[in-house]
Amino acid sequence: MKKGFFALLLIGIFALSSNSFANSITYEGSIDSLNQVDYFHFSLTHDTWFSMDLELETSTTEFDPVMYLFADDGDLGYSDYRRYNDDGGAGLNSLIDTWILAGDYVAAISDYPFSVWEAISGTNPSNRYGSYSLFVSSDYGTVSSSDVAPVPEPGTLLLLGSGLAGLAFYRRKRMK
């Protein structure tokens, strides 16, 4: 009876861990030199409603962020352009909120004025600087990036915790 219970428990744990998704990631970036464009690469595993929210982390209100979203096929060009957002003024945050297909993407971030051609070429004549946090999230599927450190999924933590609890239980039972 106990073996059946533990087998069922392990099957449940594996099912939970396989259905866990990292639906959001955070990237810390900054524009800190002349002509700088910051790029953030990420992937989506499913077609989904997608949000990319840039929040300023600087006391300087002159920095006016502009974001572009491109499909990432390895060769950035105008045909890769998907969306853009100019927040509407210095010191304000930017947001791209849209339906997006599964695939690889790159966000280009710099200071206003910032055209699509400057985003593609990687240069911007602006001379204002600032730090920001970029929050990328999806309603379904996994958002991943090699630009940020991986964070353990809740299912992985549950699996690790249950394994440790099982080892403790086994050791205690064996000691008796």
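The values are calculated or read from the model by the stated rules, or taken from the named source; none is laboratory data. All figures in this text were calculated on a predicted structure; none of them were measured in a lab. For neighbour counting, all protein chains shown are included, and Cβ atoms are generated from backbone atoms with ideal geometry for every residue, glycine included. Keep in mind that these areas ignore ligands, DNA and RNA; they rest on the heavy atoms of the full protein, side chains included. Shrake-Rupley method; radii C 1.70, N 1.55, O 1.52, S 1.80 Å.
Figures for the structure shown
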| item | result |
| --- | --- |
| Subset tally (residues that are touching a residue at least 60 places away in the same chain (Cβ under 8 Å) and part of a strand (DSSP E or B)) for the stretch 89-135 | 15 |
| Checking F63 against (1) closer than 22 Å to S137 by Cβ; (2) at pLDDT 75 or above; (3) aromatic (F, W, Y), the condition it does not meet | (1) |
| Within the stretch 129-144, tally of residues that are open to solvent by 70 Å² or more (accessible area, probe 1.4 Å) and either over 26 Å from T98 (Cα atoms) or not aromatic (F, W, Y) (or both) | 2 |
| Any pair with Cβ under 9 angstrom, 6 or more apart, that starts in the stretch 75-88 at a residue that is closer than 16 Å to H41 by Cβ and ends at one that is part of a loop (DSSP other than H, G, I, E, B) and open to solvent by less than 100 Å² (accessible area, probe 1.4 Å) | L76/G122; D80/D72 |
